[in-house]
Each structure stands twice: as C-alpha cells, then as structure tokens.
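Participant: Starting off with a structure, shown below.
Just so it is clear, none of the values below were taken in a lab; they were calculated from the coordinates. Predicted model, so just to flag it, every value in this text is computed and none were measured. Cβ: placed from backbone, ideal geometry, glycine included. Neighbour counts: every protein chain shown.
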Amino acid sequence: MSVIANRPKGTQDVLPADVYKWQTVERCAAGTAECFGFKEIRFPTFENTALFKRSVGDTTDVVQKEMYGVTAKSPANGKDPDDLTLRPEGTAGAARAAIENGLLKEVLPQKVYYMISCFRHERPQAGRLREFHQFGAEMYGSGDASADAEVIAMAKSLLDRLGLTNVELFINSIGCPECRAEYHKALKEYFGKHKDELCPTCLDRLDRNPMRILDCKSPICQGIAKDAPVILDFLCDECSAHFEKLKASLTDMDIEFSIDPKIVRGLDYYTKTVFEFITKDIGAQGTVCGGGRYDGLIEQLGGDPLPALGFAMGLERIIMTMENAGSEFVPARKCDLYIASMGEAAQRRAAVLANKLRAEGYFVEFDTMGRGLKPQMKYANKIGATFTMVLGDNELDAGKAKLKNMESGEQTDISLGDSFIDEFSNDLIAEMFKDPLDSI
Ligand code: HAM
C-alpha cells in the first residue's frame, strides 16, 4: 500500500505482534543489570556534535562518515544554530550526563545502564541498521581488572539468560597512551610501505591515528591490515598485568574466551581491555555486544580523572540470534475476560464491570464497535481471551451471567453484584493453577 512517505531506509517498525520479543529482551536486560547493581540512566537522543567528536574520535568512521546532524528550521533569536547530532552510541551521552549531574562525585563505583536508539548512516544490511537499539552498561570509578571481569560477566549472564549459548567472547588489550605511542610508530612504519594502496581516508589516518586503519571497511585496506603489527606485542608492564588479571578472573568464573589481537574497536576512547561477543548464526554482522575500558574519557570530557568501562549490545542482533537459536520469548499477556454485550444497557454495564476488574489489574475488553454477538465472539477468539461472558437484558435482569472458559468450554454462573470481582478472581486463579492432568 502506498503511504505519503515510506519508512526511511535502514529503519524498522516493530509491530504489536512482535513487540513481546523486544519486551522479553529489555526486561531481562534490566533485570540482569539490577542484579549487578546497575541503575537505569536516561539522556537525550541528540547532543552537541563536539561531544561525539571528542569522545568517539574525529578520525573514526562513525564521526567521519556516519553521524546524522540535527538542524532546527529556524535558529533561535538570530543566533547561530546549535551544532547537534543524533547519538551514534551511548557511552558519550552517559558520561556527559554523569559528569554534568555530579554523579561521579557521589559514591563510587557508579554503575548505570540504558536502553536507547542510536543512529549511524551505514549501508543497511541484515543486522545493520541506520536506526538501531542498544542495551548498554557503564561503570565509573574502578581501574581494577576485576571490574573488567565483572562487566564481561554481566554481558555473559544476560546472553545466557536469553538462551544465547552460541556466542563467543573475544578479548584484547589495546594498552594505554604510553604503550600505544610505540605501537603507533610501528603501524606508521608498516602502513607507510603501503601508502599508494590505502583509501584516501586511511591515508589521512596514517598521520593522525594509524590504529583506525585497522577497522577500515574497504577490502583493500582490510587486506593490508591483515599483516600489520599487533598491539599485544607492545603492551607496557602495567597493561600486561591488567590483562593477565582479567584473563585469570574470567577463568575463575568459567567464562570461556579467546584472545583476538586484531580487535581494536571502532571508537577512539578505549584503553586497555576491549572485548566483543560474536555469533556466526546471523551473517556478517555477528557482533552482538562490544565494549571495553575507557580510562581517559571522563577527564577528556571535563570531569576529574576517573577510570571507566562498559559495553553495549545491539538489540536487533540479539533478537535475530534468539530467533535463530529458537530461544524462548515471554509471550504477550493474554486477555483475561472479554465481555460480549447485546444492546446499549448491556454495553454500558460491560464498561463498568470491565473497569472494576481493570482497577484490580485484570486485562479485560468489551465491544466498542457496536457489533453483533457473533463477530464479538470471533474477536474474543482472535485475541485468545481466557474467559468470555455474554451480557444481555436477561443477564442484567437476573443479576448474573455465564462465565465461559474458552479452552474447556465449561460455563459457571457469576454474580454481577458485589461479589463479581471475587468470583471472577477465584475462577481465573482456578484456571491458572488447574492440574495439567485434568485435561488428559
Ligand atoms: P559498538 O561496537 O559501536 O560499541 O556498538 C555496540 C553494539 O551495537 C554492536 O556490537 C552491535 O551489536 C550494535 N550495533 C552497532 N552498530 C549497529 C548498526 N548499524 N545496526 C545494528 N546494530 C548495531 C558502542 O557503541 C560502545 N558505546 C559500547 C561501549 C559501551 N563501550 C563501552 N561502553
């Protein structure tokens, strides 16, 4: 069907029939985060562009090629318009909010999680969208490798709870600014020999930030990067010891991992530990979770120096992986009672009874379309109502109606008077706890 304007490329609609999958993941993620002492934080969808340039880094693909600017139609009071950008990720916004609101001056560690939409102008494909959603978690204040292990354990715990066993953990250390300086020299020397083959963006990166060449998406640059020196050979003693402690802690917790010295991540703020959880089940975009330590970012954004770390999971990719693995989603809540009505008086009474039950937390519907009994019952079947009840003049006169269990067909009398709620609750509870052997 043609509509005035179609859905923009690289975006998705989640329809009511599918939203239970999202709710399963979101609730499970929030529940897991809370078990680890993380509290939810919410922050704006757009921020000053400078925030992303400073944190994500102005030589990254994200900043150079993928950000969506936000422009207001009319600049306020003739002033220059603010330079704003839709968030391409959550770490920068969460850190900005934590600094600006004094969170990092409170008790440490501060642990926050978020469920957000992010925007990156990438070429859309399966598992890669222009608007996508992340569950992210950030921990501020600990420089110890036990915090790295804790954050990885939390991501792993969520993946396990969602039934995603076919996801592998890869870790690496990209060192601190000191060891990175030596590494940059080695990279410059290596890529310098391939100057003529690098793409124009990477040629610029060669001087400014040669590590970024390692995650260029151009196949030619990727081919050259294959034989580049690896950072693990350049780690200083402190970074090596940190990495060793992380590996030992993961082993203590029986969290399996592989070391992948090629992981450098596509964002500039990382220091020391970086990690990714990858599945082979959903095609080329199989990184379901990425994260790491970013000990310099808080100071860089204007806060007091404070170590920090975190991760984010792509919710679309998590759901795709769950669908692929046949994981269970918590089904959408079913309607407890559908009240069919014949005539206006019955319909008005249905509204009153429905609202009484809803006030007690029950899920109740009645006819608001003015349809006949048959289509009303068809609708009740379609929505999978557990019970139905028909109200007409006879029922109103008698002050009672028949409550029908839609699965068994069994009917019981129910009073429409003061005991209505109690009688309904008893029937519903009996239905919920009925002996499964009864139906044999
Ligand atoms: P990231 O690796 O850029 O890291 O993104 C995290 C996750 O978001 C990816 O592993 C992937 O699952 C999902 N994702 C990224 N881009 C897309 C896309 N275009 N379409 C669908 N899913 C996507 C970060 O964003 C960091 N802020 C993570 C972090 C938090 N590091 C420390 N704290």
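Participant: Round to the nearest 10 and give me the degree value, 0 to 90, for the angle of helix 315-325's Cα axis relative to the longest principal axis of the chain.
Facilitator: Rounded to the nearest ten degrees, it is 70.
Participant: What do you get for the angle between helix 19-35 and the principal long axis of the chain? Use alpha-carbon atoms, 0 to 90 degrees, nearest ten.
Facilitator: The helix 19-35 is inclined about 60 degrees to the chain.
Participant: Using 1/(1 + (r/R0)^6) with R0 = 35 angstrom and r between the beta carbons of Ala351 and Ala5, what's the FRET efficiency to the nearest 0.05?
Facilitator: Efficiency, from the Cβ-Cβ distance: 0.40.
Participant: When the scattering of region 199-248 is computed by the Debye formula from its Cα atoms alone, each counted once and equally, what is log10 I(q)/I(0) at q = 0.14, 0.15 Å⁻¹?
Facilitator: Scattering profile of region 199-248, log10 relative to I(0): -0.48, -0.54.
Participant: Roughly what % of Cα-Cα distances in the chain sit above 27 Å, to the whole percent?
Facilitator: Roughly 63 percent, once rounded to a whole number.
Participant: Still on this structure: Are any of the pairs Lys226/Lys280; Lys280/Lys334; Lys111/Lys226; Lys247/Lys280 more than 27 Å apart by Cα-Cα distance, and if so, which?
Facilitator: Lys280/Lys334; Lys111/Lys226
Participant: Could you tell me what a quarter of the Cα convex hull surface of region 337-439 works out to, in nm² with one decimal place?
Facilitator: For region 337-439, the mean projected area of the Cα convex hull comes to 6.3 nm².
Participant: Pairs Lys382/Lys404; Lys217/Lys262; Lys193/Lys272: which are spaced more than 22 Å apart, C-alpha to C-alpha?
Facilitator: Lys193/Lys272
Participant: Helix 91-100 sits at what angle to the longest principal axis of the chain, using alpha carbons and giving 0 to 90 degrees rounded to 10?
Facilitator: Its long axis makes an angle of about 90 degrees.
Participant: How far is it, in nm, from the label point at Asn381 to the one at Lys188 when both lie 7 Å from their Cα along the line to the Cβ?
Facilitator: 7.6
Participant: Moving on. Please report the net charge: other residues with Cβ closer than 14 Å to the Cβ of Pro177, K and R +1, D and E -1.
Facilitator: -2
Participant: If only Cα atoms are counted, what is the Rg of region 296-354, and what is its Dmax, in Å?
Facilitator: For region 296-354, the Cα-based Rg and Dmax read 25.9, 71 Å.
Participant: Here's another thing I want to ask about it. Scale the Cα Rg of region 264-319 by the rule-of-thumb value 2.2 N^0.38 Å and send over the ratio, two decimals.
Facilitator: 1.33
Participant: Label-point separation (nm) for Glu407 and Ala248, each offset 7 Å from Cα along Cα-to-Cβ?
Facilitator: Label-label distance for Glu407 and Ala248, simple model: 5.4 nm.
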